[in-house]
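Below is one structure, written out as structure tokens, with a few remarks after it.
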Amino acid sequence: MALAAMLAGGIDAIAGGGGLVMLPALFAAYPTTAAATLLGTNKATSVWGTAMAAWRYSQRVPLCWRTMLPAAASAFVASWAGAWTVTLLPSDVLRRLLPLVLLLVLLYTLSKKEFGRTHTPRFSGKKEVLFASLIAVSIGFYDGFFGPGTGSFFIFLLVRVLGYDFLHASVSAKLLNFSTNVAAIVLFGSKGHVWWPLALTLGAANVVGSLLGTHLALRHGAGFVRGIFIAAVGVLILKTGWDAFLR
């Protein structure tokens with residue numbers, strides 16, 4: 001489990017998608033444990049690596065705090081609302097729609113060879129805050145309601161809408177994803193669905209993986225992050241497609 005947490009931290013730090021590793025590992029290792037507890041434990045494990053990645057990235061890559069802090073607050077509220085909504089509505093439709101949306105994301109990224117390679121922000125000031133907050137609300141709600149691929153969706157929209165390169169988008173996505181994780185932990189924790197001894201132990205391994213992932217991303221730049229992003233989204237399509245249509 002520690003090795004799975006370390007691998008998840010590394011993947012998530014670069015391009016999102018760490019849940020692809022962590023959740024299946026948790027469900028395989030603890031098949032008799034309630035699903036809500038494993039979901040809450042996953043969030044409480046990954047939040048440490050996400051926080052470390054956000055801190056490490058911010059030391060080397062400029063983060064627009066005046067834009068991302070309001071967006072992070074929006075993401076927190078939206079994630080809480082999404083988690084509350086999932087207790088009232090089924091997510092089966094979203095489960096089937098997800099692999100199709102991810103496929104569109106992948107095809108768009110592959111078709112635009114220069115997509116995300118240069119950092120050319122399209123907006124500034126209040127307009128950038130507004131669009132960043134809209135991204136945060138939409139994906140934050142999705143993270144609370146369903147979740148798979150949240151980091152990848154954040155990165156894609158930050159590149160597509162705000163004009164960030166993949167490295168700057170990954171930095172910003174970590175802050176937003178940290179906020180949505182905290183919201184989910186508060187909700188799951190208040191209902192007793194976090195296995196804290198396991199989460200804190202695996203969290204330490206997740207931080208190690210996160211440090212390795214950020215080191216690779218900072219060393220190799222936006223092109224490397226783009227490549228890992230494409231690979232992560234490809235695997236997400238296969239995994240979510242299997243769960244939605246073949247399982």
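Filter segment 152-192 down to residues that are surrounded by 20 or more Cβ atoms within 10 Å (Cβ to Cβ) and not in a helix (DSSP H, G or I), then give me how many there are.
2
Output the number of the condition that Leu69 fails; it satisfies all remaining conditions of (1) closer than 19 Å to Ile155 by Cβ; (2) buried (at least 16 other Cβ atoms within 10 Å of the Cβ); (3) of a type outside the set (Phe, Trp, Tyr).
(2)
Residues Lys126, Lys113: which one is free of Cβ contacts under 8 Å to residues at least 24 places away in the same chain, part of a helix (DSSP H, G or I) and either surrounded by fewer than 22 Cβ atoms within 10 Å (Cβ to Cβ) or small (Gly, Ala, Ser) (or both)?
Just one listed residue meets the conditions, Lys126.
For Ala5, work out the one condition from (1) assigned to a helix (DSSP H, G or I); (2) within 20 Å of Ile230 (Cα to Cα) it doesn't fulfil.
For Ala5, the failing item is (2).
Answer yes if at least one residue in segment 35-46 is touching a helix residue (DSSP H, G or I) at 6+ places or on another chain (Cβ under 6 Å), outside any helix (DSSP H, G or I) and under 17 Å from Val208 (Cα atoms), and no otherwise.
No.
Can you tell me how many residues within segment 84-104 are assigned to a helix (DSSP H, G or I) and either buried (at least 22 other Cβ atoms within 10 Å of the Cβ) or modelled with pLDDT under 75 (or both)?
The qualifying residues number 7.
Go over the candidates Ala44, Ala35 one by one and state the one that is within 23 Å of Ala173 (Cβ to Cβ) and either among the small types (Gly, Ala, Ser) or more than 18 Å from the chain's Cα centre (by Cα) (or both).
Only one candidate passes the filter, namely Ala44.
The values are calculated or read from the model by the stated rules, or taken from the named source; none is laboratory data. Computed from a prediction, not measured in an experiment: that's the story for all the values here. So basically every Cβ, Gly included, is an ideal-geometry build from the backbone, and we count neighbours across all protein chains shown.
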